[in-house]
Amino acid sequence: PENVSDWGKVVLAYEPVWAIGTGKTASPEQAQEVHEKLRAWLRSNVSDDVADSVRIIYGGSVTAGNCIELASQNDVDGFLVGGASLKPEFIEIINARA
C-alpha cells in the first residue's frame, strides 16, 4: 500500500500449523502471544501507524464456544473461520464481541 490509510485494508491471518484441519484451537493466551509478536514486528520493521492499522485475525477451529475468549485478546482483531462457517453457530461467531 502506498500510504498509511491503505494499511487499514490489509488483513493478516494466523493459524497454527498444528491446528490446520485438526479441530484443535490455540488457547486465547497462545493466540494473543503470536498476534502480539506479529504486531510488534510490524511496529519495529514498518511503523507504529501500520502496526495499529493492520488487522490480525485468528484461524484455527474457531467455534461459537471459543470465539468470545479469543476475541477478548488485545491483538486478536477477528477470525478466519473455516468449517464453522457452514454451521448455524456461524452467526454466534459473527456476533462475538469481547
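Projecting the Cα atoms of Ala19, Ile56, Val76 onto the charge dipole of the chain, computed from C-beta unit charges around the Cα centre, puts Ala19 farthest toward the positive end. Here the dipole of the chain is about 260 debye; that uses its Cα centre as origin and unit charges on the Cβ of Lys and Arg (positive) and Asp and Glu (negative). Close amide H pairs (under 5 Å, H built 1.01 Å from N) link Gly59 with Tyr14, Glu15, Leu80, residues at least 5 positions away or on another chain. A 1.4 Å probe run over the protein chains yields, for the chain, 61 Å² of accessible area per residue, whole-number rounding. Counting only protein heavy atoms and a probe of 1.4 Å, the accessible surface of the chain is 53% carbon and sulfur.
Directionally averaged projected area (segment 1-57, Cα convex hull): 4.3 nm². Remark: the chain projects, on average over all directions, an area of 6.4 nm² (convex hull of Cα atoms). Compactness of segment 53-98 was expressed as the Cα radius of gyration divided by 2.2 N^0.38 Å, which yields 1.05. Averaging the sequence gap over all C-alpha pairs within less than 8 Å and six or more residues apart, then dividing by the number of residues, gives the chain a relative contact order of 31 percent.
The values are calculated or read from the model by the stated rules, or taken from the named source; none is laboratory data. Computed from a predicted model, the values in this text were never measured in an experiment. Backbone-built Cβ (ideal geometry, glycine too); neighbour counts: all protein chains shown. Ligands, DNA and RNA are excluded from the accessible area calculation, which covers all protein heavy atoms including side chains. Shrake-Rupley method; radii C 1.70, N 1.55, O 1.52, S 1.80 Å.
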